[in-house]
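Student: This is the structure I have questions about; it appears just below.
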Amino acid sequence: MTHQSASSLINPAILDEVAQQAYPASTLYVLATPIGNVCDISLRALHVLSMVDAVACEDTRNTAHLLNRYGLSKSLVAAHEHNEREVADKIVARLQAGERIALVSDAGTPAVSDPGARIVDAVLRAGLRALPLPGPSAAVTALSVSGLVNDRFQFVGFLPSKARQREIVLAGLVGATATLVLYEAPHRIVETVDALLQAFGPSRQIVLARELTKLFESVHRCPLGEAPGWLAADGNRQKGEFVLLIEAAPVALDDSAEGERVLQILLAELSIKQASALAAQITGQKKNALYERALELKTPRDTEGTE
């Protein structure tokens, strides 16, 4: 049996359907691009890229190379974290003039731990339309092969680079009953895994998803206590971009005890108002009740200047 080419497997009627859909002018097309494998792009995304007036992108060199792989050439507008506010006004002006502009990041879905959110916000505030073209997402890709059985997940993104700030954030996440999704760069993966081990303990499961959809893709799941050794056993395991998934905390049988535990951790660094609000988000308990308990936990001297 011979393999058919991809083009021969596509029903021409589907391509016609893509072309016949509505693609309004004065619209920002928020378009997901592959996170590694160049083939992971939708037919509709390719059609939109072929028809827009310009592409706003995180890095013009990366996007030019990607478009070239698809046989496309477009006017590119640099839209990265350092100029996002300024370029948003220019994009709004071009959309108001009737243009169609695609917004992409270097990989994956724009505005999700990548630049783009401020541009989308500016477009919507101007009364214009932002139309999503869904596609690859590193977070969802990793979740799908994690085997962590949970119908809830919490996207954390990148942790703070400073150790103390990272410790505070992780302390507030220990009791989360959703699977936690983090991103990490290769030069910080060892210290981040060590920090996760200190915060969550050795028995909590971690999934280390590395270089997803790329040539050296790997997905490894183990107890957190084994993760540092696994990374150290092979230097190649510390290379590439990471998605880290942390198993959810077991549901506490005594909700009030869990709320107080989280509250005490947060009160060490935050005001009463901030600590009670964040504890309510983490535990699902009533914010007012947690606020009253926080007042009881703080001495009169401690409460001065906390608001």
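Student: May I ask you to give the percent of accessible area on the chain that is carbon plus sulfur, with a probe radius of 1.4 Å?
Tutor: Answer for the chain: carbon and sulfur cover 52 percent of the accessible area.
Student: Right, here's the next one. Under the definition of Cα pairs under 8 Å and six or more residues apart, what whole-number percent is the relative contact order of region 100-244?
Tutor: Relative contact order comes out at 21 percent.
Student: Add -39500 (n - 2.57) for each DSSP H run of 4 or more in the chain, then divide by its residues: what number comes out at 222 nm, to the nearest 500 deg cm²/dmol?
Tutor: Theoretical 222 nm ellipticity from helices: -12000 deg cm²/dmol.
Student: Among 127-138, 95-106, 72-83, how do they line up by average Cβ neighbours within 10 Å per residue, starting with the highest?
Tutor: Taking the mean over residues of other Cβ atoms within 10 Å, the ranking is 95-106, 127-138, 72-83.
Student: Also: Among all lysine pairs in region 162-300 that are eight or more places apart or on different chains, how many have alpha carbons less than 17 angstrom apart? Intermediate results must be reported in sequence, preceding the final value.
Tutor: On the way: Lys214/Lys239; Lys273/Lys286; Lys273/Lys287; Lys273/Lys298; Lys287/Lys298.
Here the count comes out as 5.
Student: Between the alpha-carbon centers of region 28-95 and region 146-216, tell me the distance in whole angstrom.
Tutor: After rounding, the separation between the Cα centres reads 30 Å.
Student: When each pair of different Cα atoms in region 111-254 is counted once in the 1/r mean, what is the Kirkwood radius in angstroms, to one decimal?
Tutor: Values: mean 1/r = 0.0610 Å⁻¹.
So the Kirkwood estimate lands at 16.4 Å.
Student: Another question, if that's okay. Quick one: plug the Kirkwood hydrodynamic radius of region 199-269 (C-alpha pairs) into Stokes-Einstein at 10 °C, 1.306 mPa s, and report D in µm²/s. Present the calculation step by step, with values, prior to reporting the outcome.
Tutor: Values: Rh = 14.4 Å.
Stokes-Einstein gives a translational diffusion coefficient of 111 µm²/s.
Student: Can you give the direction-averaged projected area of the convex hull of the alpha-carbon atoms in the chain, in nm²? Show your work: numbers first, answer last.
Tutor: Values: hull surface 84.1 nm².
So the Cα hull casts an average projection of 21.0 nm².
Student: Right, here's the next one. Can you figure out the FRET efficiency of Ser75 with Ala289, using R₀ = 51 Å and their beta-carbon distance, to the nearest 0.05?
Tutor: 0.35
Student: Would you calculate the separation in nanometres between label points at Asn236 and Ser42, each defined as 7 Å from the Cα along the Cα-to-beta-carbon direction?
Tutor: Modelled inter-label distance: 3.5 nm.
Student: Cα convex hull of region 3-80: mean projected area in nm², to one decimal?
Tutor: Directional mean of the projected Cα hull area for region 3-80 stands at 6.0 nm².
Student: While we're on this one: Per residue, how much accessible area does region 1-115 have with a 1.4 Å probe, in Å²?
Tutor: On the way: 6260 Å² over 115 residues.
It amounts to 54 Å² per residue over region 1-115.
Student: When only alpha-carbon atoms count, how far does region 139-187 stretch along each of its three principal axes, as whole angstroms with the largest first?
Tutor: 31, 26, 12 Å, listed from the longest principal axis down.
Student: What per residue convex hull volume, in Å³, comes out for region 32-133 when only alpha-carbon positions are used? Can you show the working numbers first?
Tutor: Values: hull volume 9.0 nm³, N = 102.
Cα convex hull per residue, to the nearest whole number: 88 Å³.
Student: Choose one answer from Ala56, Ala294, Ala13: the residue with the largest mean-square fluctuation in a GNM of the chain with alpha-carbon springs under 10 Å.
Tutor: The residue with the greatest mean-square fluctuation here is Ala13.
Student: Under a cut-off of 21 Å between alpha-carbon atoms, report the lysines in cross-link reach of Lys90, not counting same-chain residues fewer than 8 places apart.
Tutor: Straight-distance partners of Lys90: Lys74.
Student: Counting only heavy atoms of the protein chains, get the accessible area per residue of region 137-228 (1.4 Å probe) and round it to a whole Å² value.
Tutor: 48
The values are calculated or read from the model by the stated rules, or taken from the named source; none is laboratory data. Given the structure is predicted, the values throughout are model-derived calculations rather than measurements. We place every Cβ from the backbone using ideal geometry, glycine too, and count neighbours over all the protein chains shown. SASA here: full protein model, heavy atoms, side chains in, ligands and nucleic acids out. Shrake-Rupley method; radii C 1.70, N 1.55, O 1.52, S 1.80 Å.
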